[in-house]
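The values are calculated or read from the model by the stated rules, or taken from the named source; none is laboratory data. Since the structure is predicted, the reported quantities are computational estimates derived from the model, not experimental observations. Cβ placement follows ideal geometry from the backbone for every residue including glycine, while neighbour counts extend to all protein chains displayed.
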């Protein structure tokens, strides 16, 4: 993908079908390989007006890959290698608050990571780096998301804590009650380590959690039917496509983006002295951290 210097490219990672947008042109599927293997699927590239977009089905087309087996490192690396600068994560979640009913979009600003079976960093022995995750999402990109949701009258809340669990099984009742006591707002299986890796790759990352049902803490949880969940999923998907279409233009027109701090997250993160860095690690990391390795 070619882009002008300092031009933003919007990446979207979520379910299949998000790329079914009216007016999307110059479309093509691109097969990618990365130093961390292949991503979940080919990436769908296109143009919407002046905006360049790259879509990646997180679980592969047809939802083939369970949450714990998604190659998160390859996904983020592939997006970075295709020139993505801004990344919108869309994911279905369970609600942990009574005032977040199905159909609500939560613009996430915090995470609690309860996953344990996933590779969570591009860095490691031979080249160590520590990035800040105090504020794990891009506030600039989040403001654009909020503006679009308000304009499109999509039910939403600004800010929320996403509890990332391992899966693929859902929570026990005791776990669900525990997470509510922690002040968590939604629960899902995919945003970690995705958000951590996006920060290491110096991508501006925003997460929109789309509530499909209440988690099992809710008294009415067991009465929820598959048909009801599918109806919410379809409504959420339509709203998500509208969000992507309008957000693409906002990102393309944002002249402040090149100065965003997310894009220099590695500036002071590398700890290993240059003379002690493993050459193989350095070569591998150029795909995501080339800016600070040259």
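What to note about this one:
- Lone unmet requirement of (1) within 16 Å of residue 195 (Cβ to Cβ); (2) out of contact with any helix residue (DSSP H, G or I) (no Cβ under 6 Å at 6 or more places or on another chain) for residue 78: (1)
- Only one entry in 197, 247 is closer than 20 Å to residue 156 by Cα, at pLDDT 95 or above and either outside any helix (DSSP H, G or I) or under 15 Å from the mean Cα position of the chain (by Cα) (or both), namely 247.
- Candidate set: the range 160-177, residues that are exposed (fewer than 15 other Cβ atoms within 10 Å of the Cβ) and without any contact (Cβ under 8 Å) to a residue 24 or more places away in the chain; chosen: the one farthest from residue 94 (Cα to Cα): 174
- Among the residues of the range 104-125, those identified as in a loop (DSSP other than H, G, I, E, B) and farther than 23 Å from residue 170 by Cα are 121, 122, 123, 125.
- Any chance residue 202 is touching a residue at least 40 places away in the same chain (Cβ under 8 Å) and at positive phi: yes
- Residue 70 meets all of the listed conditions (1) buried (at least 20 other Cβ atoms within 10 Å of the Cβ); (2) under 21 Å from residue 145 (Cβ atoms); (3) out of contact with any helix residue (DSSP H, G or I) (no Cβ under 8 Å at 6 or more places or on another chain) but one, namely (2).
- Test: residue in the range 104-117 that is surrounded by fewer than 15 Cβ atoms within 10 Å (Cβ to Cβ) and either at positive phi or in contact (Cβ under 8 Å) with a residue 12 or more places away in the chain (or both): yes
- When the range 40-50 is filtered for residues that are touching a residue at least 40 places away in the same chain (Cβ under 8 Å) and surrounded by 12 or more Cβ atoms within 10 Å (Cβ to Cβ), the ones remaining, listed by number, are 45, 48, 49.
- Flag for residue 12 being modelled with pLDDT of 95 or more, in contact with a helix residue (DSSP H, G or I) (Cβ under 8 Å, 6 or more places away or on another chain), crowded, with 20+ Cβ neighbours inside 10 Å and more than 28 Å from residue 182 (Cβ to Cβ): yes
- The one condition in (1) within 24 Å of residue 118 (Cα to Cα); (2) surrounded by fewer than 20 Cβ atoms within 10 Å (Cβ to Cβ); (3) modelled with pLDDT under 95 that residue 226 fails to fulfil: (1)
- Any hit, the range 265-281, residues being within 16 Å of residue 147 (Cβ to Cβ) and surrounded by fewer than 16 Cβ atoms within 10 Å (Cβ to Cβ): no
- Filtered residues of the range 126-159 (kept if within 15 Å of the chain's Cα centre (by Cα), in a loop (DSSP other than H, G, I, E, B) and surrounded by 14 or more Cβ atoms within 10 Å (Cβ to Cβ)): 133, 136, 137, 138
- All positions within the range 73-103 that are without any contact (Cβ under 8 Å) to a residue 60 or more places away in the chain, part of a loop (DSSP other than H, G, I, E, B) and over 22 Å from residue 149 (Cβ atoms): none
- Scan of the range 21-37 for residues that are in contact with a helix residue (DSSP H, G or I) (Cβ under 6 Å, 6 or more places away or on another chain), modelled with pLDDT of 95 or more and on the phi < 0 side of the Ramachandran plot, ordered by number: 32, 34, 35, 36
- Unique residue being in contact (Cβ under 8 Å) with a residue 12 or more places away in the chain and part of a helix (DSSP H, G or I) when the list is 238, 228: 228
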